[in-house]
1. Test of understanding: express the Cα radius of gyration of the chain as a ratio to 2.2 N^0.38 Å, with N the residue count.
2. As an exercise, use a Förster radius of 22 Å and the Cβ-Cβ distance of Leu15 and Val58 to find the FRET efficiency, rounded to the nearest 0.05.
3. Relative to the first principal axis of the alpha-carbon coordinates of the chain, what is the inclination of helix 38-47, with its axis defined by its Cα atoms, in degrees from 0 to 90 and to the nearest 10?
4. Kindly provide the chymotrypsin sites (Phe, Trp or Tyr not before Pro) of region 8-64 that DSSP labels as loop, not H, G, I, E or B, and whose Cβ sees at most 16 other Cβ atoms within 10 Å.
5. Restricting to Cα pairs below 8 Å that are 6+ residues apart, what does the relative contact order work out to for region 2-64? Please round to a whole percent.
Amino acid sequence: MDLSQLAFADPSLMLDLAMLARRLRKGGWQLMLQGAQPDIRALIEYVGLHRLSGVLIVPEPTSA
């Protein structure tokens, strides 16, 4: 899921993403999150979404 255009999120979105990750995990899939803005990334870490099984946080590509 590309989060690069997401400028605002609250804990309710993180709960929705956690539930989505749970459903995907039951089906043998993972939820891949990429492109999160720094504030969104901080919220992901604050609520612990990044620690859930089945959630994969893709780091930002470094520019040369």
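Where a number appears in this text, it was derived from the coordinates with a stated rule and is not lab data. None of these values were measured; they are calculated from a predicted model. Note: ideal-geometry Cβ built from the backbone for every residue, glycine included; neighbour counts use all protein chains shown.
1. Working: Rg = 11.6 Å, N = 64, 2.2 N^0.38 = 10.7 Å.
For the chain, the normalised Cα radius of gyration is 1.09.
2. Numbers: r = 21 Å, r/R0 = 0.96.
FRET efficiency, Leu15 to Val58: 0.55.
3. Approximately 30 degrees, to the nearest ten.
4. Details: sites: Phe8, Trp29, Tyr46; in loops: Phe8, Trp29.
Taking region 8-64 and a limit of 16 other Cβ atoms within 10 Å, the loop chymotrypsin sites (Phe, Trp or Tyr not before Pro) found are Phe8, Trp29.
5. Working: 67 pairs, mean separation 25.8, N = 63.
It rounds to 41 percent for region 2-64.
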